[in-house]
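A.B. asks: I'd like to ask some things about the structure below.
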Amino acid sequence: MTRQRKTKGLLRGARVYLSGPMDFVASRAAEKKTGWRNRIGDFLKTFGVTIFDPWYKPGVRGLYEYGREDEESVGRIRKGWTYAGGARGAKAREECGAQFWETLHIDLRMVDTSDFTISYCPTNIYSVGTPHEIITATLQHKPVLFVSPAVTFPTLHQLREHLKNDAKGLALLAKLEREVPVRENPRGIPSLWYLPLVGGENFFDGFGFSAYRKRCGWTEEIPLDEHERRHKPQRPLLPFLDKLNRNLPRKWDRKLNKFVADDDWLLWDLRP
């Protein structure tokens with residue numbers, strides 16, 4: 001658990017929304033308990049930042065458990081889904097949509113009330129809500145700090161080596177790679193669609209947790225620790241956030257050919 005400390009930095013009182021895949025991660029339970037959001041939340045709280053985490057949605061006055069999203073609630077909605085035609089199918093789909101509307105509503109409201117968002121977007125995980133949240137923030141001229149890590153599958157290479165003398169096994173493996181599909185992205189290059197949305201200075205290829213483990217009291221090993229040892233980030237997010245607490249970032253102006261002030265960073269100075 002991170003130790004709280006008083007701060008007078010630029011981020012004191014700021015609000016951040018943590019955006020990223022939830023449905024198609026390897027384990028929703030593990031992601032909720034030990035995922036990247038927990039670490040980022042610990043780190044930013046030391047600066048006095050309010051964290052909006054969709055795994056732990058804030059309570060809504062007068063609306064008990066509004067927008068709650070867990071295995072039980074999501075499983076119940078999916079169970080009711082159907083492609084059937086006619087009135088029965090139409091009614092079932094409308095009920096699914098109505099039930100999930102609460103989740104969509106509260107997550108986008110958290111984006112609305114945040115000062116900036118952090119979006120974790122591995123290119124191998126399917127996600128729809130994350131792009132929606134990124135576009136919502138961008139349309140509101142709020143900074144989106146976009147993390148696109150290297151994507152490699154070392155176990156796949158080990159399996160291929162193990163099957164090198166098994167022609168049938170290699171054929172099945174190749175077929176599986178096409179069906180999934182399995183596409184590596186060792187440089188962590190994001191979808192090019194995001195480039196004009198996010199802005200070139202807001203892309204990162206990892207978090208850089210290792211340099212802050214002692215400071216934040218992170219003793220438990222998580223999968224991202226091993227990943228970042230294998231793929232050391234060239235441009236990690238946490239040092240950027242550390243510097244952001246002292247100085248506002250700048251952006252590149254391709255017409256002037258130099259860095260200029262980035263006026264998307266509007267951090268309110270609200271005083272009593």
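Just so you know, all these numbers are worked out from the coordinates, no wet-lab data involved. The model shown is predicted, which means the values in this text are computed figures rather than measured ones. FYI the Cβ positions are ideal-geometry reconstructions off the backbone, even for glycines, and counts take in every protein chain you see.
A.B. asks: Place a point 7 Å from Cα of Arg160 in the direction of its Cβ. Which residues in region 25-57 have their backbone N less than 14 Å from it?
C.D. replies: The answer is none.
A.B. asks: Give me the one-decimal Kirkwood hydrodynamic radius in Å for region 2-138, with the sum taken over alpha-carbon pairs.
C.D. replies: That comes to 16.5 Å for region 2-138.
A.B. asks: Give the shape of region 35-75 as rounded, prolate or oblate, defined through the alpha-carbon gyration tensor: a ≥ b ≥ c are the square roots of its eigenvalues, a/c under 1.5 means rounded, and otherwise the shape is prolate if a/b is larger than b/c and oblate if not.
C.D. replies: It comes out oblate by the Cα gyration axes.
A.B. asks: Follow-up. State, as an integer percentage, the relative contact order of the chain based on alpha-carbon contacts under 8 Å between residues 6 or more apart.
C.D. replies: 22 percent
A.B. asks: Working only with C-alpha atoms, what are the Rg and Dmax values of region 104-257, expressed in angstrom?
C.D. replies: Just the Cα atoms of region 104-257 yield Rg and Dmax of 18.9, 59 Å.
A.B. asks: Would you calculate the convex hull of the Cα atoms in the chain and tell me its volume per residue in Å³?
C.D. replies: In the chain, the Cα convex hull volume per residue is 188 Å³.
A.B. asks: In terms of the ratio Rg/(2.2 N^0.38 Å) built on C-alpha atoms, what value belongs to region 147-219?
C.D. replies: Its radius of gyration relative to the 2.2 N^0.38 Å reference: 1.60.
A.B. asks: Could you pull out the chymotrypsin sites (Phe, Trp or Tyr not before Pro) across region 99-202 that fall in loop regions by DSSP (anything but H, G, I, E, B) with no more than 13 other Cβ atoms inside 10 Å?
C.D. replies: Those that pass, being in a loop and sparsely packed, are Tyr126, Trp193.
A.B. asks: Now for a separate question. Which value in deg cm²/dmol, rounded to the nearest 500, describes the helix-derived mean residue ellipticity at 222 nm for the chain, given -39,500 (n - 2.57) per DSSP H run of n ≥ 4 and division by the residue count?
C.D. replies: The per-residue figure over the chain is -12000 deg cm²/dmol.
A.B. asks: Would you pull out the residues with amide H under 5 Å of Ser119's amide H, same chain only if 5 or more places away, H placed 1.01 Å from N?
C.D. replies: Residues meeting the criterion, in which the H sits 1.01 Å from N, are Ser19, Leu145, Phe146, Val147.
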